[in-house]
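The values are calculated or read from the model by the stated rules, or taken from the named source; none is laboratory data. Because the structure is a prediction, the values reported are computed rather than measured. Here the Cβ positions follow ideal geometry from the backbone for every residue, glycine too, while neighbour counts run over all protein chains shown.
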Amino acid sequence: MKGLELAERYYEEYGRPLLAQHFPGYENRIAAGLVGEGSECFGFDDELSRDHDWGPGFCLWLTEDDHVAIGEELQRRYDELPKDYLGYERRLEGPHAGKRTGVFEIKDFYRRFIRFDHVPASLAEWRALPETYLATATNGRVFCDALGEFTAFRDGLLAFYPEDIRRKKLAARCYTAGQTGQYNYGRSVARGELVAAHCALSSFMEAAISIVYLLNRRYRPFYKWMHRGLKDLPVLGETCYRLFADLCSEDPAPPPAERVRIVEEISSFIIAELAVEGLSGSESDFLMDHAHAVQANIENQALRSLPVMAE
């Protein structure tokens, strides 16, 4: 069973009755779900995921006033819930996991991921937030939220970056992808600098994958799940998922010339989509040229005047 399904079933069987019995005045003020760190929150968990920080559990999100009033008691009641469910043991969160389930104050929950207790209100605040943290803050599933405060914060983040921020990130990623993949990878191989070649290829993949997420207006998860997450993206997702897998194949490993070809194929798909969205009018087949074209269309003058690689 996937962790999200397990969490929701555990909540419905034990969490909802707990609220109705012990906190009847608050049950319609408490949001429940599972969001945050862990492969299960992205829906990517498998059997290997179950060796740590996995098992029945859910989050309960309270307003600041409600958390002051009942937070401690609610956490105590949560801790008393059954330790086994459907043959799975309650999660034991390891020393590096931090608190991932239980009772949280809404603003504190979001602050731990994005540093703010509010949806970013300026370009500077949005620009300060790494994609991976935003992905973690908005993944998972909300089971119920009658009050709506947790969901309102969540929806504000899911609305995605302001367009100028998206374009600035796209410009920087296009520059990096072009420089490392289209330019430096082949040159490093030709020089026999194989470590540099691997570093260049890795940088290209991270930048190019980020571009695909940005084109889909979705936040990129951290490196462990960024390739897996491509499968679910409608714009270039399945195509690029396959091409990146081909690029990293080890059975057999593609020769450098084939990797150069795959890099160019990925780049060409990205360039075509930039044109479709009207993000770049350049006719170049080099992503670094498109980086400048994307940046030139940023409306905010201060953002537009930054170095193209700056993010």
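Observations
- Of the helices (runs of 4 or more DSSP H) entirely within the stretch 21-139, those holding at least 1 residues that are touching a Gly at 6+ places or on another chain (Cβ under 7 Å) and either surrounded by 20 or more Cβ atoms within 10 Å (Cβ to Cβ) or modelled with pLDDT under 90 (or both) occupy 39-42, 131-137.
- If the condition is being of a type in the set (A, V, I, L, M) and either crowded, with 18+ Cβ neighbours inside 10 Å or under 18 Å from Ile209 (Cβ atoms) (or both), then the stretch 261-293 contributes Ile262, Val263, Ile266, Ile270, Ile271, Ala272, Leu274, Leu279, Leu287, Met288, Ala291, Ala293.
- Checklist (1) in contact with a Gly (Cβ under 9 Å, 6 or more places away or on another chain); (2) under 18 Å from Ala159 (Cβ atoms); (3) part of a helix (DSSP H, G or I) applied to Arg220, failing item: (3)
- The residues on offer are Tyr219, Tyr183, and the sole one that is in contact (Cβ under 8 Å) with a residue 60 or more places away in the chain and crowded, with 20+ Cβ neighbours inside 10 Å is Tyr219.
- Annotation: Ala257 fulfils all but one of (1) in a helix (DSSP H, G or I); (2) among the small types (Gly, Ala, Ser); (3) surrounded by 15 or more Cβ atoms within 10 Å (Cβ to Cβ); the unmet one is (3).
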